[in-house]
Amino acid sequence: MTPFDPKGLNQLRIYRQGSLVGSLRRSHGGCRFEFAKEAVNLQNFTGLSYTMPKRMEPYDVHGVNLHPFFAGLLPEGLRLKALVKNLKTSMDDMFTILAVAGERCVGDVYAVAENFHRPVQEVPVLSEVNFYSYFEKSLELEGTFNFGDSLAGVQDKLSSSMISFPIHMAKRHKSYILKLNPTGMPNLVQNEFYCLALAKHCGLTTSTAKIVHDSERNPGLLVERFDRLSEDESHGPTLVHQEDACQFLDKYPSEKYRVSLRDIAEGIVKHSTAPPIDLLKLIELYAFSYLIGNGDLHAKNISLQTHPHSGRINLSPAYDLICTYLYKDHRMAIKLNGRDDNIQRAHFIDFGQRFDLKKSAIELILDKLLKRFHKFRSILFEIPMEKKKSRQIDEMMLKRIADLGR
């Protein structure tokens, strides 16, 4: 049998919700996506993504070999580095990377390469293995390409070696992401766990997570995927369409720190079923991130989802919430009205009113958040940290509570 050679591959089949919708081809100096005629003729099929509605004309890009939407499906961090190394290719050869990693992406769109059969990887009992050894094993080539799910959304601003390990537990009929503490970033697992817990107490909708331990008592954060709905155990989970802000703004992942909150809000206005509700949730998410010192709320950490049954497009649950202040990252990743620090209540009100939100509605969101945050902020001190760090975090939170107060 001829070995699978993704670098020599020139075409991928593209599926959405399990149905073939088109093909992706390398072109001279770029890439072309073309819808299948059968998909275009389906009355209830709207398109591939929010920015790529169905049509007979192809979608072409030049100078790069993937469209922004497809580039947004690729993994980041350690998984991307391992793929590039094992494939003996470059970061720019996104088509080749998608050929290997594109079969199980975030959301309901995925790519299938001809003659590539992904081996089934057995999921062990987590308490019986060493998380780090198992993660490293999953990155080995071993004659096949076996890299688990392709998951974007790692904290590059914190560390390009963030460890994110996707797994599916058949017995539970659920899919998860297992996150591990990377070298040089102590207690990142605990950090995210308590930030998520605080967010829930403050009224935000978040991903569900819990801390688990391996055979050597190393902690891991087991995060339940919200782009999978476990509705029919006999047929597996239902895939939920999801696009991060880079994707629904038709931008490449490399631009995730250059996008402003206003850009994201404009995308929400364009695509959301209920823009005012989602804009208020966006303000709430940004304000909460400011309060906890989350300097890594970038464009790939904010997403829209399409409900598979109702078709409604709404802001996804909050995810990747971390106090980066602990790691000397004090400024916001994306700017609000040109600001990434010292943000006041008036700036949020001015921002919201630009999108026709009522001042009273913005005030109410901020008041509720501040009341709950002040009551439950001690949750953040559950993160293991030195007393000096604890005092710094406390001072930061009190200062920012005052910033957003009346």
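Checking each residue in the stretch 68-86 for being out of contact with any helix residue (DSSP H, G or I) (no Cβ under 6 Å at 6 or more places or on another chain) and either among the basic types (Lys, Arg) or part of a loop (DSSP other than H, G, I, E, B) (or both) picks out 73, 76, 79, 81, 85. Screening 209, 245, 199 for residues that are of a type outside the set (Phe, Trp, Tyr) and in contact (Cβ under 8 Å) with a residue 60 or more places away in the chain leaves exactly one candidate, 199. Checking each residue in the stretch 47-67 for being assigned to a loop (DSSP other than H, G, I, E, B), at pLDDT 95 or above, of a type outside the set (A, V, I, L, M, F, W, C) and surrounded by fewer than 18 Cβ atoms within 10 Å (Cβ to Cβ) picks out 54, 55, 57, 58. Of the residues making up the stretch 362-377, those that are among the hydrophobic types (A, V, I, L, M, F, W, C) and either surrounded by 17 or more Cβ atoms within 10 Å (Cβ to Cβ) or free of Cβ contacts under 8 Å to residues at least 40 places away in the same chain (or both) are 362, 364, 365, 366, 369, 370, 373. Specify the residue that is nearest to residue 239 (Cα to Cα); the eligible residues are those in the stretch 11-42 that are over 26 Å from the mean Cα position of the chain (by Cα) and either β-branched (Val, Ile, Thr) or loosely packed, with under 12 Cβ neighbours inside 10 Å (or both). If we take residues in the stretch 11-42 being over 26 Å from the mean Cα position of the chain (by Cα) and either β-branched (Val, Ile, Thr) or loosely packed, with under 12 Cβ neighbours inside 10 Å (or both), then 40 is nearest to residue 239 (Cα to Cα). Of the numbered criteria (1) under 24 Å from residue 303 (Cβ atoms); (2) among the β-branched types (Val, Ile, Thr); (3) assigned to a loop (DSSP other than H, G, I, E, B), the one residue 89 fails is (1). For the stretch 166-199, filtered to residues that are within 20 Å of residue 77 (Cβ to Cβ) and small (Gly, Ala, Ser), the residue that is surrounded by the most Cβ atoms within 10 Å (Cβ to Cβ) is 175.
The number of residues in the stretch 169-199 that are modelled with pLDDT under 90 and either at positive phi or among the β-branched types (Val, Ile, Thr) (or both) comes to 4. In the set (1) within 19 Å of the chain's Cα centre (by Cα); (2) surrounded by fewer than 21 Cβ atoms within 10 Å (Cβ to Cβ), the condition left unmet by residue 88 is number (1). Contact map, the stretch 318-343: residues that are free of Cβ contacts under 8 Å to residues at least 40 places away in the same chain and assigned to a loop (DSSP other than H, G, I, E, B) paired with residues that are among the small types (Gly, Ala, Ser) and crowded, with 18+ Cβ neighbours inside 10 Å, Cβ distance under 6 Å, separation 6+ or inter-chain. Pairs shown: 331/295. Here residue 70 clears all of (1) at pLDDT 95 or above; (2) surrounded by fewer than 17 Cβ atoms within 10 Å (Cβ to Cβ) except the condition numbered (2).
Any residue in the stretch 118-136 that is closer than 20 Å to residue 77 by Cβ and outside the structural domain of residue 98 (by TED's automatic domain parsing) sitting within a Cβ distance under 9 Å of a residue that is at pLDDT below 75 and assigned to a helix (DSSP H, G or I)? List the pairs, counting only those 6 or more apart or interchain. Short answer, once both residue conditions are applied: 121/138; 135/78.
Taking the criterion of being among the acidic types (Asp, Glu) and out of contact with any helix residue (DSSP H, G or I) (no Cβ under 7 Å at 6 or more places or on another chain), would at least one residue in the stretch 328-336 satisfy it?
Scanning the stretch 328-336, I find at least one residue that is among the acidic types (Asp, Glu) and out of contact with any helix residue (DSSP H, G or I) (no Cβ under 7 Å at 6 or more places or on another chain), so the answer is yes.
The values are calculated or read from the model by the stated rules, or taken from the named source; none is laboratory data. All values reported here derive from a predicted model rather than from experimental measurement. Glycine also receives a Cβ, built like all others from the backbone with ideal geometry; neighbour counts cover every protein chain displayed.
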